[in-house]
Amino acid sequence: MSAPLSFARAAPGPRSPIRKAVLRTLLEAAAIAGGAALLGLAVNAVRPSGLPLVAPAPYETLVPCPEPGGPVAALEPSDPALGGSRLFLVDARDEDAFRNGHARGAVNVPYDWLDPLPEAALGDLARRIAASGATRVVVYGDGGRPDSGEHLGREISGRGIRNVAFVRGGAPALLPGGAS
Amino acid sequence: MTGRVATTPGEPLSAAGAAAWLAVPARWYLGGLFVLAAWHKIAVPHDFAIDVATYEVLPLVLVNAVAIILPWIEVGAGLLLLLGIRVRAAALLVAAMMIVFLAALGLALSRGLDMSCGCFASQGAETDPISFRTVLRDLLWLGLSVLVLAFDRGHLGLDRRREGAEYHA
C-alpha cells in the first residue's frame, strides 16, 4: 500500500533543467522582442519621419526584371486592344517627330540607343504609369530595326510594370501620314 | 543558464568547451551585423517599408508595422549579443529572424523577382540583388546563430561577469 503513495508524492517533482532552460530562453526572447517592438513604436510615434502604422496606399514598388528588360507583347497596328480606354500610350520617337504628329494621349519619351534613359527618368516614367491607373502600356517607336518602341517597352517592363506591349511597325504603321 | 562547461586552467579543453569559445566571435560578429543592418532601416523607415512591400509577402496593413518594429528587434538582439547579455534569447531571436528572411528570399527568388535584398541599406537591385548567394549567406548566418544558441556559455559577456560578481559576493 505504501508504494502508490510514495509515487504520488514524487510525481509533481521539479521540471527537467533542459525544459526549464528552454522555457526561460523562450520567455526572455519574447520579452526582448516585445520590449524592442514597444520602443520602436514609441520612437516612431514621436519622430517627424515616423510612418503611419498602416500604409494609406500601396507602395509603388518597382521590381526590375533581369537584363535586358522585361517581357513585352507585340501588337499589330489594327489590334482592337489599341482602342481600349485604360491605355497608357508612350511615343518613343524624338521630339520633332512627336511634334509632327502622334497618337492622341501619347506621352513623348524619346528613346535613343546611344543615350539611354537615365535611371531617374525611367523611374519617373514607371511611377507615372503606376499612378495613371492604366491596365496596359503601349509603346510605339520609329518602327526601325531595332525598333525604339519595342526596346523602350522592354525597359519599362523591366521596371516592374506589367502588361507592356509595343506596336509592330511603330509610328509609320500606326499613324498613316504621321499624324494622329 | 545551466550546463556551464568547466574550463579550469591547465585542463584540456573539451569539444563543448572549444565550441563555447568559438561561439564568442560568432556572437560578436552576429551582434555587429544586426546592429549594422538595423541602422539604415531605423534611420530611413520609409525606404525599408518599400523594401518590405517589394517582397510582396505581407498584406499592406502589416507592411509599415513590420518596417517599424523589425529593425528595433534586430538592434536589440544585436546589442545583447555584443554585450553578452541574455545571449541564448538573443541568438534565438536572430535564428528566428534568419528563418523568416530565408523564407521571404526563397519566395522572391521563386517568383523571379530581380530586386534588392533590403538586408542593409536600400541599394537597389543593380548593386545588391538577391540571388542564391544571398541565400547561402543567410544560411551561414543562421548556422552561426544556432552555434551561439547551442554552445555559448557567456564567455566574455556581461551576464557571466554579473553572475561571477554575485557568486563572489
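Coordinate-derived values only; no laboratory data. Because the structure is predicted, anything quoted here is derived from the model rather than measured. With ideal geometry, Cβ positions are generated from the backbone for all residues, glycine too; neighbour counts draw on all protein chains shown.
Which listed residue (A:GLY144, A:ALA121, A:ASN163) has the Cα farthest towards the positive end of the charge dipole for segment A:120-180, taking +1 on Lys and Arg C-beta and -1 on Asp and Glu C-beta about the Cα centre? Ranked along the dipole, the leading option is A:ASN163. Residues A:ASP79, A:ASP91, A:ASP112, arranged from fewest to most other Cβ atoms within 10 angstrom of their Cβ, appear as A:ASP112, A:ASP79, A:ASP91. Computed 3J(HN,Hα) for segment A:82-96, one whole-Hz value per residue from the Karplus formula 6.51 cos²θ - 1.76 cosθ + 1.60 where θ = phi - 60°, is 6, x, x, 8, 10, 9, 10, 8, 10, 9, 8, 7, 6, 4, 4, glycine and proline marked x. For A:ALA165, the residues whose amide H sits under 5 Å from its own are A:ALA73, A:VAL137, A:VAL138, A:VAL139, ignoring neighbours fewer than 5 places away on the same chain, with H placed 1.01 Å from N. The H on the amide N of A:ASN108, modeled in the peptide plane, is under 5 Å from the matching H of A:ASP91, each at least 5 residues off or on a different chain. Rounded to the nearest Hz, the phi-derived 3J(HN,Hα) couplings of segment B:27-43 under the Karplus curve 6.51 cos²θ - 1.76 cosθ + 1.60 (θ = phi - 60°) are 5, 5, 4, 5, x, x, 4, 6, 5, 4, 5, 7, 4, 5, 5, 6, 5, where x marks glycine and proline.
Summarised in one figure, the compactness ratio Rg/Rh of segment B:16-168, Cα atoms and Kirkwood Rh, is 1.03.
Kindly identify segment B:10-83 as rounded, prolate or oblate by the Cα gyration tensor criterion: order the square roots of the eigenvalues as a ≥ b ≥ c, call it rounded if a/c is under 1.5, otherwise compare a/b with b/c, prolate if a/b is larger, else oblate. Prolate is the answer for segment B:10-83, as a/c is 1.5 or above and a/b outweighs b/c.
Dimensions of segment A:28-152 from C-alpha coordinates, computed as largest minus smallest value along each principal axis and given longest first, are 67, 33, 26 Å.
DSSP assigns beta bridges within segment A:30-180; of those with both partners inside it, close to 5 percent run antiparallel.
Using the Karplus relation 6.51 cos²θ - 1.76 cosθ + 1.60 with θ = phi - 60°, the per-residue 3J(HN,Hα) values for segment A:97-104 come to 4, 5, 5, 6, x, 8, 5, 4 Hz, with x marking Gly and Pro. Expressed to the nearest 5 percent, the antiparallel share of DSSP beta bridges inside segment A:83-140 is 10 percent. Put in line by how crowded their Cβ is, counting other Cβ atoms within 10 Å and starting with the fewest, B:THR134, A:THR135 read A:THR135, B:THR134.
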